[in-house]
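*Asks:* Submitted below is the structure of interest, expressed as structure tokens.
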Amino acid sequence: MRALLPREPGILEMRRALQIALCMLPILAMGADDIAFFETRIRPLFAANCYACHTNSKMGGLRLDSRESVLTGGNSGPAIVVGNPEGSLLMQAVRRTHQTLKMPPTAQLKEEEVASLAEWVQRGAAWSKQESLPAKALDASYVITPAQRAFWSFQPVRQQKSPAVKNKTWAKTAVDNFILAGLETRGMTPVPAADKSTLLRRVTFDLVGLPPTLQELDDFVKDNTPQAFAKVVDRLLASPHYGERWARHWLDLSRYADGQLAASIDTPLPNAYRFRDWVVDAFNKDLPYDKFVKAQIAADQLPEVERAALLPGLGFQALGEQGHDQVDVTTKVFLGLTVGCAQCHDHKYDPIPTKDYYSLMGVFRSSSAIQHPLVPKAEVEAYEAHKKKVDAMKEVIDDYLILQQKLLADTLARNTADYMVAAWKKDFSAKHLDRQTLDRWIVYLADPKKEHAYLNPWFDLMKKNPSEDQVRKAAEEYHVFALNLIEEGKEVEDKNYVAFGGKKGMKNENNRQYTNIVSLDTLKFYQWRELVSGPYSTDGFKAPAGVYYFGPKEIDRWLGGFAKDHLERLRIEFIALEKDLPPMYPFLHTLKDADQPADIPVAIRGDEKNKGEIAPRGFLSILSHGDRQLFKNGSGRLELAEAIASSANPMTARVMVNRIWQYHFGAGIVRSTSNFGQMGERPTHPELLDYLAKRFVDSGWSVKSIHREILLSNTYALSTANDIRNAEVDPENKLLWRAHLQPRLDIEALRDSLLAVSGKLDSQIGGAPSLLDKGSNRRSIYLTVSRTRLDPTMALFDFPDANATSDNRPVTIGPLQGLFFLNSTFVADQAKALTDRLTNEVGADNKTRIEQAYRLLYSRRPDARELQLGIDYLNEGSADTRKAWQRYLQTLFGSGEFTSVN
Amino acid sequence: MDRRTLLQTLGGGFGLAGLTGTLQAATADPMAVRKPHFPGKAKHVIYLFLNGGMSQVDTFDPKPALIKYDGTPMPGAKIVTDRASGSLMKSPWAFKKHGQSGIEVSEIFPEVAKRIDDFCLIRSMYTDSGNHGPSLQIANCGHQLPGRPSMGAWVTYGLGTENNNLPGYVVLCPGFPVLGASLWTSGYMPSIYQGTHIQNSAVEPEKLIQNLCNGELTPQEQQRQLALLGKLNQGYLDRVGAQPGLDSAVRSMESAFRLQSEATDVFDIRKEPEHVRARYDISDFGRGCLMALRMVERGVRMVQVYHGNFQPWDSHDDIRIHAKLADKTDGPIAALVDDLKSRGLFDETIILIGSEFGRTPMIQNSGLEKLGRGRDHNTPGFTVLLAGGGIKGGTVYGATDDFGYKAVEKPTHVHDLHATMLHCLGFDHTKLTYRYAGRDFRLTDVSGNVIKEILA
């Protein structure tokens, strides 16, 4: 009973509720009207609005599928107090009067529904005899309700006319009309436009991720024609740096790294960058987005004429992890749907049954990642054949060395007693003893601390000031033991060799793991290791080589005559072979269909061992027209790609134009850019979203056309100025009454800008990645991205974890970032370089240099106060003007004006 | 005025309540101290990670049956391990009862044994994957696949930090453990919550933290820069007007300046008296423990110390190496407990000691050349230790079967451990959520139960 005690309504109320409930039970059972009311008004209401979360999944501990469970309630206490709607948590939640519980979470119930619920509670909360809904069996057919179908994002994209506005002069483009209409309905007016240099700096960072050059600044400021800004936009969109900037956004989304996404290891993939370069190129060429999408799902199955050009796009899939990751990322990125949530149960909020999830999973499971060589087949075969020869030769040498090493150890061990006595006497005169081996024995016997007791008699004797005879006797005893032990070790090895099935079996890792083998006793093993084994080391521990062990690097001096000649010949042959081995051919990471593509069963509760019904490969039910679209060709990837990259599907175009909008305005029209489902946000401007989506498709899926739609608007050109009245109505600037200020440049723009203004930027486009800590001055997109060792500077400035898709980088601020500006050699180096650049370009006059620096860094001239601050700083500091300048510029770099975009 | 007060003062005027996403991350100070759901006993976490997999049956879970059955196949159900496992193998070490609680501890942890009444042993841990990568992910981030925020990210997201001059969450490892940064990532959360990884093989602070010191400028010269910067930023702020996130962004240099001196102090273990230092100065792990102590003392929220690079405790070939590892670990853990106590921090710090999984009670079939005496990975049963704030010392929770293979009594998943740890910090683990891609995510995914029996 205690478990039922409510936390919120209080014990007394609870008792009262129970009393009332108990009193009313007999009456309830008979009220046929009440039952009818429940069945017609209440049960459907619960089913449509609440059962996604409040049946088996018991969100908040609450079930709403039986009277008992409603009365018992959840974590916050009973859901209802019978006869008392006002005192019922359920009513407070649906009326949204409760402080924290506001239900349903995404859409408020209609007034009449709330009234019905209240009446039901008031009238005794009747429940029909069939007390609870049967728990939905997993294989029950899944029905998408009309209400679910009616959700905004599943509606077709509609042709939108630009809305009428009161202010007839402000709007310049269709985008402006939509924005202005939104503002006007809330009684707001847009703030004034930004000045020209601010606008130029903004658009240049937006499109190419760099500050404008002085020439670009002068050209634009002087150009008073109406097309001046359009010319700038065209110039920037045509710049090869545009692709570098926008590809990076896409790489965030596609969780790109120069290594394999896998749960256990981070394998570097030196060819991964070919996907990155392809994305850069796709943006630069304005590859139609539908084709861009198809390439990243099924390039291998596209028409032959374009296949080669699109094939690198498959890196999107092949660099990820086969299966869950591919389903999750593909649906989030292209469709804005969180299909991944349906892995273990039907999606709790969106009409995505688990079966749909495994339908897609079947597609990816019927495909596998391959290396697609970029050279002719003959070249690949020649390389592989040659590589095989090199490896085989290496093995022959290794085997030979091991054989020699073992023979030698055996031979040396035959003199064990002599070595021990000589070691004791420190007598180096015996001709049949090897000096190095004897030295090892001296060291070995000097430390009586061993992990076994086999040498205890020897060490005990040593304490007793023994005679040579005694020593020799002890040595001979040990000698016999040692030979036996080495023999025993060989027996163990022989037995295991047979158990494994010879050399071939040993090399088969699986075979190795599942073969029962024998081993030496632990303590004997230690002793064995100290005699004949190679050096042993693990992360926590190192053991030196045994006294008789001479490995591949030491054995040469022991070999002579025939053996020596033989080894030398082998080595010469190996070196020659290796020299002729060309570097490995370049290849792409792509996919291919399995030989026998197959549907897979639903994994009940996500457990693949717990198999449910077979999920035929096909597209998402909610996005299929009429009957669900099943895939018939191969894995079904091409059909999936076509279903996604289609204007008949309402998601794809909307999702992409929304992303473009976000990267220009800091937030999307739908702020949850990868989730257009129930739990995502609703569009602030649904008509504008549809307008852009339509334009996008009509333009032939041209991304650059959408940039123009957006950038040439007056909305984009607004200043960041504040307006107290607007700020009160819309503090988050959701309706875009002013421009969005980017509080801190992302790390790529930050680093690239520092290099650009210092004149040190290496503007080579594409190619293998460079390591940041090796001092590369290339644009940041070309730096190596590791999945497990993020570069600390990149990570410090919000570079995302490359293992998960990232649709919007958060901007965080912390003191370690400040250290970068204060102390990093990188920033200091750029300050030095810029000092020299300024002196070279405008001479030594401080005032001129300051002006030039302001124009380079902030795209404007300093005002009188700023000029004076600079001059004062330079004058009162160090006598070394070059140093003073470096420190001054370092400070300008660290200022908010350099690191933000307004 | 420190950064926090400054932000609170300035932030107040903007009417920014309710901002989400980017704006929220940049405006409301993401590292400001926040109250948990209820008053927690602990305020800090020190997570000592014995990476590679500490064997339970050789350390804290004695199994006399292994002596009896040594060398014979394990009776009973079919066992599932990663690699072929052979017969049962007894521990090379003896166990003895210690403390008032009489908990049995292996002889390779003599110093921890002396303080066993401070510890709670969960002997019935289990996890989902027998590979290091996924199980490290689960232990740290509550999920097998990479990309979710780590425990430390959750803790700093939940509580903020008490010292804005230092990172809120610090990870110490001489180099990298397996998987590296994905074990201390902030995942889909803002990156300010990610662990600051410090390679603590060096002793000099300037070698530990990137850009901590400036080789060219004196503090006075930096002060001059800061003075100029303040004026430039003020001009900029005046010109662009009130803007979400801009103030904290432009002031990060000022806090960095303070960080320089604070970090130089906290990481310099040479400042500890010789008798304190000597107890830790035997290994990188030991020095890490001392740094952890000094950081917690200065308000750092969570410190994780990895025993070493890659996976030192992964004793596949030879379990006896555990003795050498324990030798570098035992003393520093004991010293840390003692010093947390003497500095009044023990009761407000939760100490967690454990691995990604345990090791089999059976011998592992090693390679031919090793003639091995090691143990393989064991996921169905292993042991972790807890101590400090909110934890009932001198307790043993749960048990494995007679051979130490599988948790049979009160099986405890890693999610339960995370739930309990969050509870000690004052969080209901089901309510500490972060919204990403339309879903409220938790450290404990969709499971986890607080283990009430081990709470003080």
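The values are calculated or read from the model by the stated rules, or taken from the named source; none is laboratory data. Fair warning: this is a prediction, and the values are worked out from it, not measured in the lab. Methodologically, a virtual Cβ is constructed for each residue, glycine included, from the backbone with ideal geometry; neighbour enumeration extends over all protein chains shown.
*Asks:* In the set B:Gly175, B:Gly195, which member is under 21 Å from B:Val305 (Cα atoms), crowded, with 19+ Cβ neighbours inside 10 Å and assigned by TED's automatic domain parsing to the domain that holds B:Gly299?
*Replies:* Criteria check complete, one pass: B:Gly195.
*Asks:* Let me ask something else about it. All but one of (1) at positive phi; (2) at pLDDT 95 or above hold for B:Leu121; which doesn't?
*Replies:* The failed condition is (1).
*Asks:* Of all residues in the range A:167-207, which are among the acidic types (Asp, Glu) and part of a helix (DSSP H, G or I)?
*Replies:* Across the range A:167-207, the qualifying residues are A:Asp176, A:Glu184, A:Asp206.
*Asks:* Mind checking whether some residue in the range B:322-345 is among the hydrophobic types (A, V, I, L, M, F, W, C), surrounded by fewer than 23 Cβ atoms within 10 Å (Cβ to Cβ) and within 20 Å of A:Glu451 (Cα to Cα)?
*Replies:* yes
*Asks:* Select from the range A:821-839 the residues that are small (Gly, Ala, Ser) and within 11 Å of chain B (Cβ to nearest Cβ) and write down the one among them that is nearest to the chain's Cα centre (by Cα).
*Replies:* A:Ser824
Residue-wise test of (1) modelled with pLDDT of 95 or more; (2) surrounded by fewer than 24 Cβ atoms within 10 Å (Cβ to Cβ).
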| site | (1), (2) |
| --- | --- |
| B:Arg294 | yes, yes |
| B:Met302 | yes, no |
| B:Asn309 | no, yes |
| B:Asp314 | no, no |
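*Asks:* Now for a separate question. So if I check each of A:Tyr691, A:Tyr716, which one is among the aromatic types (Phe, Trp, Tyr), touching a residue at least 24 places away in the same chain (Cβ under 8 Å), more than 14 Å from every other protein chain (Cβ to nearest Cβ) and part of a loop (DSSP other than H, G, I, E, B)?
*Replies:* A:Tyr716
*Asks:* Output yes when any residue across the range A:768-778 is buried (at least 24 other Cβ atoms within 10 Å of the Cβ) and in contact (Cβ under 8 Å) with a residue 40 or more places away in the chain, and no when none is.
*Replies:* no
*Asks:* Give the residues of the range B:9-59 that are modelled with pLDDT under 50 and either in contact with a His (Cβ under 9 Å, 6 or more places away or on another chain) or closer than 18 Å to B:Met189 by Cβ (or both), sorted by residue number.
*Replies:* B:Leu19, B:Thr20, B:Gly21, B:Thr22, B:Leu23, B:Gln24, B:Ala25, B:Ala26, B:Thr27
*Asks:* Return the pairs, sorted by first residue and then second, in which the second residue is assigned to a strand (DSSP E or B) and charged (D, E, K, R), the first residue lies in the range B:417-440 and is within 13 Å of chain A (Cβ to nearest Cβ) and within 26 Å of A:Gly336 (Cα to Cα), the beta carbons are less than 8 Å apart, and the residues are 6+ apart or on different chains.
*Replies:* Hits for this filter: B:Thr433/B:Asp440; B:Tyr434/B:Asp440.
*Asks:* Here's a follow-up. Anything in the range A:329-344 that is polar (S, T, N, Q) and facing chain B (nearest Cβ under 9 Å)? List them, or say none.
*Replies:* A:Thr338
*Asks:* A further question on this structure: I'd like to verify a number: residues in the range A:301-328 that are in a helix (DSSP H, G or I), within 14 Å of another protein chain (Cβ to nearest Cβ), over 15 Å from A:His589 (Cβ atoms) and of a type outside the set (D, E, K, R), how many?
*Replies:* Residues flagged as in a helix (DSSP H, G or I), within 14 Å of another protein chain (Cβ to nearest Cβ), over 15 Å from A:His589 (Cβ atoms) and of a type outside the set (D, E, K, R) within the range A:301-328 amount to 2.
*Asks:* Assess whether B:Gly187 counts as being within 8 Å of chain A (Cβ to nearest Cβ) and at pLDDT below 85.
*Replies:* When the stated conditions are applied, B:Gly187 does not pass them.
*Asks:* Take B:Ile198 and decide whether it is at pLDDT below 85, of a type in the set (A, V, I, L, M, F, W, C) and within 20 Å of A:Leu816 (Cα to Cα).
*Replies:* So B:Ile198 fails the test.
*Asks:* Check B:Leu259 against each of (1) closer than 30 Å to B:Ser342 by Cβ; (2) among the hydrophobic types (A, V, I, L, M, F, W, C); (3) in the same structural domain as B:Ile108 (by TED's automatic domain parsing) and name the one condition it does not meet.
*Replies:* Of everything listed in (1) closer than 30 Å to B:Ser342 by Cβ; (2) among the hydrophobic types (A, V, I, L, M, F, W, C); (3) in the same structural domain as B:Ile108 (by TED's automatic domain parsing), B:Leu259 misses just condition (3).
*Asks:* Scanning for something farther than 30 Å from B:Gln223 by Cβ and of a type in the set (Phe, Trp, Tyr), does the range A:805-827 turn up at least one residue?
*Replies:* Checked the range A:805-827: no residue is farther than 30 Å from B:Gln223 by Cβ and of a type in the set (Phe, Trp, Tyr).
*Asks:* If a residue counts only when it is at pLDDT 70 or above and loosely packed, with under 14 Cβ neighbours inside 10 Å, which helices (runs of 4 or more DSSP H) contained entirely in the range A:1-101 have at least 2 such residues?
*Replies:* In the range A:1-101, A:32-37 are the helices (runs of 4 or more DSSP H) which contain 2 or more residues that are at pLDDT 70 or above and loosely packed, with under 14 Cβ neighbours inside 10 Å.
*Asks:* Of the numbered conditions (1) more than 30 Å from A:Glu897 (Cβ to Cβ); (2) crowded, with 21+ Cβ neighbours inside 10 Å; (3) more than 7 Å from every other protein chain (Cβ to nearest Cβ); (4) hydrophobic (A, V, I, L, M, F, W, C), B:Val203 fails exactly one; give the number of that condition.
*Replies:* (2)
*Asks:* I'm checking my understanding of the structure. Among residues of the range A:807-820 that are facing chain B (nearest Cβ under 7 Å) and farther than 24 Å from B:Cys213 by Cβ, which one is nearest to the chain's Cα centre (by Cα)?
*Replies:* A:Asn808
*Asks:* While we're on this one: Restricted to the range B:127-139, and to residues that are touching a residue at least 60 places away in the same chain (Cβ under 8 Å) and either facing chain A (nearest Cβ under 7 Å) or in contact with a helix residue (DSSP H, G or I) (Cβ under 8 Å, 6 or more places away or on another chain) (or both), which residue is surrounded by the most Cβ atoms within 10 Å (Cβ to Cβ)?
*Replies:* B:Leu136
*Asks:* Kindly evaluate B:Leu212 against the criterion of being in contact with a helix residue (DSSP H, G or I) (Cβ under 7 Å, 6 or more places away or on another chain), buried (at least 20 other Cβ atoms within 10 Å of the Cβ), facing chain A (nearest Cβ under 10 Å) and assigned to a loop (DSSP other than H, G, I, E, B).
*Replies:* yes
*Asks:* Is it the case, given these coordinates, that A:Lys542 is assigned to a helix (DSSP H, G or I) and out of contact with any Lys or Arg (no Cβ under 9 Å at 6 or more places or on another chain)?
*Replies:* When the stated conditions are applied, A:Lys542 does not pass them.
*Asks:* Mind listing just one residue for me: the one in the range A:535-576 that is surrounded by fewer than 17 Cβ atoms within 10 Å (Cβ to Cβ) and within 13 Å of chain B (Cβ to nearest Cβ) and, of those, nearest to the chain's Cα centre (by Cα)?
*Replies:* Selected residue: A:Ser537.
*Asks:* Taking the criterion of being part of a loop (DSSP other than H, G, I, E, B) and aliphatic (A, V, I, L, M), would at least one residue in the range A:583-596 satisfy it?
*Replies:* Yes - at least one qualifying residue is present in the range A:583-596.
*Asks:* Considering only the range A:465-479, how many residues are surrounded by 12 or more Cβ atoms within 10 Å (Cβ to Cβ) and free of Cβ contacts under 8 Å to residues at least 60 places away in the same chain?
*Replies:* Qualifying residue count for the region: 9.
*Asks:* Working only within the range B:253-285, note down all residues that are part of a helix (DSSP H, G or I) and away from chain A (no Cβ under 14 Å).
*Replies:* Correct list: B:Asp265, B:Ile269, B:Arg270, B:Lys271, B:Glu274, B:His275, B:Val276, B:Arg277, B:Ala278, B:Arg279, B:Tyr280.
*Asks:* With respect to A:Gln852, is the statement that it is crowded, with 17+ Cβ neighbours inside 10 Å, more than 11 Å from chain B (Cβ to nearest Cβ) and more than 25 Å from A:Pro743 (Cβ to Cβ) true?
*Replies:* yes
*Asks:* Across the range A:285-300, what is the number of residues that are aliphatic (A, V, I, L, M) and not in a helix (DSSP H, G or I)?
*Replies:* The qualifying residues number 1.
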